[in-house]
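Read through the structure below, which is laid out as structure tokens, and then see the notes.
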Amino acid sequence: MRRGRIAAVVFGVVATVALGGSGFAAAKEASLKELMAENFAGLQNILFALISSNYAAVPSQVDVIQDHATHLTHTVPDSAKQNRDQFLAYAYSLKAHASDLKTIAELLIEHDKAKPSGDVLPMDQLREAAAAHYGGMVTMCVACHNRFRQRVIQ
Ligand code: HEC
């Protein structure tokens, strides 16, 4: 009897966590969740590329995040209906940072291929600009989640 109740409570907690802020709209948003998990993996790969100054993996990983940002602009969840503009601003800003990061990464790949050693001075600042756009992307992840995914982190 008691065990049954405990099991029911545990199940309820698990279900609540699994459904997150979106409640029973979870099924509809399942694909968004999958995309987001890919975002997360992509960020780790990009960070590794940035700190090792080896940018080969960056453009394709950034493409994934950029596609997801575009997807977000078309999929405003119920939790953001009241603040649609703000949600969209975060999504577009994520997209802009991703696009700039990709442009810089492509430049650096070309540069490093042509001049594998030496002549690094002007390009070093670009490496830092790439890191700043990475930071900009992470800021948008946190901003949007903080506003619109609150129940998950509570
Ligand atoms: C414009 C808003 C927005 C931005 C920007 C955003 N996300 Fe999300 N994210 C969401 C929403 C909405 C969900 C919930 C999807 C669902 O419930 O199915 C979500 C869910 C997730 C999840 C699944 C876990 C959870 O909380 O449900 C992960 C992981 C995630 N996002 C990672 C990221 C990463 C990494 C970034 C930045 C590269 C990012 N997100 C940027 C809105 C955003």
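The values are calculated or read from the model by the stated rules, or taken from the named source; none is laboratory data. Bear in mind the structure is a predicted one, so any value in this text is a computation, not a measurement. Note that each Cβ is placed from the backbone with ideal geometry, even for glycine, and that neighbours are counted across all protein chains shown.
Annotations
- Verdict on residue 102 being modelled with pLDDT of 95 or more, touching an Asp or Glu at 6+ places or on another chain (Cβ under 8 Å) and under 27 Å from residue 33 (Cα atoms): yes
- Pairs linking a residue in segment 39-51 that is under 14 Å from residue 139 (Cα atoms) to a residue that is buried (at least 20 other Cβ atoms within 10 Å of the Cβ) and among the β-branched types (Val, Ile, Thr), with Cβ atoms under 8 Å and 6 or more positions apart or on different chains, are 39/65; 43/65.
- Counting the residues of segment 48-69 that are away from the ligand (no atom under 11 Å from the Cβ) and part of a helix (DSSP H, G or I) gives 9.
Residue-by-condition table, conditions (1) of a type in the set (S, T, N, Q); (2) modelled with pLDDT of 95 or more; (3) over 14 Å from the mean Cα position of the chain (by Cα):
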residue: 98; (1), (2), (3): no, yes, no
residue: 106; (1), (2), (3): no, yes, yes
residue: 113; (1), (2), (3): no, no, yes
residue: 118; (1), (2), (3): no, no, yes
residue: 121; (1), (2), (3): no, no, yes
residue: 127; (1), (2), (3): no, no, yes
